[in-house]
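Report on one structure; see the data block that follows.
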Amino acid sequence: MRPLDDTGAAKRQESGLPLMDIPSPGSRQEPAAAEVVETPRPGGCWQCPSSPCGSRAQQEAEKKAPCPGLGLFYTLLSAFLFSVGSLFVKKVQDIHAVEISAFRCVFQMLIIIPCLIYRKTGFIGPKGQRIYLLLRGVLGSNAMILLYYAYQLTSLADATVISFSCPVFTSIIACIFLKEKYSPWDALFTAFTITGVILIVRPPFLFGSEVAETDKDYSVHVKGALVALAHAVFAAVTLVILRKIGTSVDYMLSIWYYVIFGLIECIIVLSILGEWRLPHCGLDRLFLILIGMFGLGGQMFLAKALQIEKAGPVALMKTMDVVFAFIFQIIFFNDMPSWWTVGGSLCVIASSTGAAIRKWCQSTK
């Protein structure tokens with residue numbers, strides 16, 4: 001005759017129920033509990049066996065991990081798109097830079113509005129960040145207008161190189177308003193940038209009056225260089241504001257403020273100047289559309305790069321803007337940069353590269 005326990009087990013096995021060891025009275029149950037903890041359910045973890053937060057979450061994270069170097073590729077693509085847009089701005093000479101900025105804002109707005117509706121971020125932003133978004137929109141649009149104006153006044157390479165002095169001004173402004181540390185390294189990078197700008201501008205009081213006499217467009221060149229420098233200052237202030245905002249605002253909403261207030265500002269300025277006119281050539285109209293598309297694409301790829309890659313490598317790869325500017329200037333305008341421009345470019349790039357490497361090293365400590 002079978003024992004009672006064996007009979008019950010047999011009945012449970014016949015009925016399809018899982019076999020379980022029934023502990024005898026007085027036996028300890030801690031080992032069984034330990035076994036339950038050590039063998040979680042599929043997709044669970046040892047802390048919460050009933051929820052799929054362990055291996056499944058780890059597998060999903062591995063699936064979503066970006067490809068190595070993808071952020072740098074996005075940065076390179078962004079630099080190329082920005083450079084091509086700058087080339088089109090240089091090609092369109094019969095339209096004022098403010099009107100070019102207005103057309104860019106219009107085309108970008110047509111793309112940004114559906115994106116904001118799809119992402120459900122709204123059009124106003126968080127209450128505490130609206131003043132910063134407003135400043136970002138106004139100052140960012142000023143930087144855009146000044147850069148386009150600089151492209152029309154001076155060479156593509158000179159304007160691009162001078163605009164790369166932005167990180168130096170960013171460090172100074174962040175030190176003043178965000179109380180960030182301004183080290184001797186920052187002062188050294190500032191000196192390199194100033195040297196590079198001086199080599200590009202070549203002021204007569206340092207290089208002699210023959211510089212201005214030999215170059216009939218020297219006054220226009222100086223004006224364009226100063227406008228590009230003003231762009232660098234406005235862009236630096238914009239970056240400090242974006243740093244102040246941080247990740248509390250969707251980057252699409254930040255671009256929206258940049259576009260809408262840029263358009264309003266362009267309309268006001270063009271109404272005062274009386275410069276409203278459509279381009280006569282169909283090719284110029286195509287250039288205006290492409291300027292908006294390439295500008296938006298450059299912004300979006302740069303934002304995506306900063307989301308998956310550290311700021312240091314992105315800043316280093318961003319210097320490819322200067323390389324593309326030199327290439328486009330030689331190919332499309334048959335304008336070989338002078339040795340002064342090359343020397344100034346090396347100084348500015350060395351400054352930007354040094355600042356990026358230093359920030360990168362600080363962030364990895």
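The values are calculated or read from the model by the stated rules, or taken from the named source; none is laboratory data. Keep in mind that what you see is a predicted model, and the values were worked out from it rather than measured. Note: ideal-geometry Cβ built from the backbone for every residue, glycine included; neighbour counts use all protein chains shown. Note: accessible area is taken over every heavy atom of the protein model, side chains too, but ligands, DNA and RNA are not part of it. Shrake-Rupley method; radii C 1.70, N 1.55, O 1.52, S 1.80 Å.
So here's what we get for this one:
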{"quantity": "Within the accessible area of the stretch 81-190 (1.4 Å probe), percent carbon and sulfur", "calculated": "70 percent"}
{"quantity": "Qualifying trypsin sites (Lys or Arg not before Pro) in the stretch 244-312, DSSP loop, other Cβ atoms within 10 Å at most 16", "calculated": "277, 310"}
{"quantity": "Projected label distance in nm at residue 340 and residue 247, using a 7 Å step from Cα toward the beta-carbon", "calculated": "4.7 nm"}
{"quantity": "Exceeding the 30 Å Cα-Cα cut-off - candidates 91/179; 223/359; 90/127; 127/318; 244/304", "calculated": "91/179; 223/359; 90/127; 127/318"}
{"quantity": "Carbon + sulfur, % of accessible area of the stretch 231-286 - ligands and nucleic acids excluded, 1.4 Å", "calculated": "69 percent"}
{"quantity": "Trypsin sites (Lys or Arg not before Pro) within the stretch 79-120: DSSP coil, no more than 14 neighbouring Cβ in 10 Å", "calculated": "120"}
{"quantity": "Å² of accessible area per residue within the stretch 259-340, as computed with a 1.4 Å probe and no ligands counted", "calculated": "56 Å²"}
{"quantity": "Label zone at residue 362, where the point sits 7 Å out along the Cα-to-Cβ direction: the stretch 223-263 residues whose backbone N lies under 11 Å", "calculated": "none"}
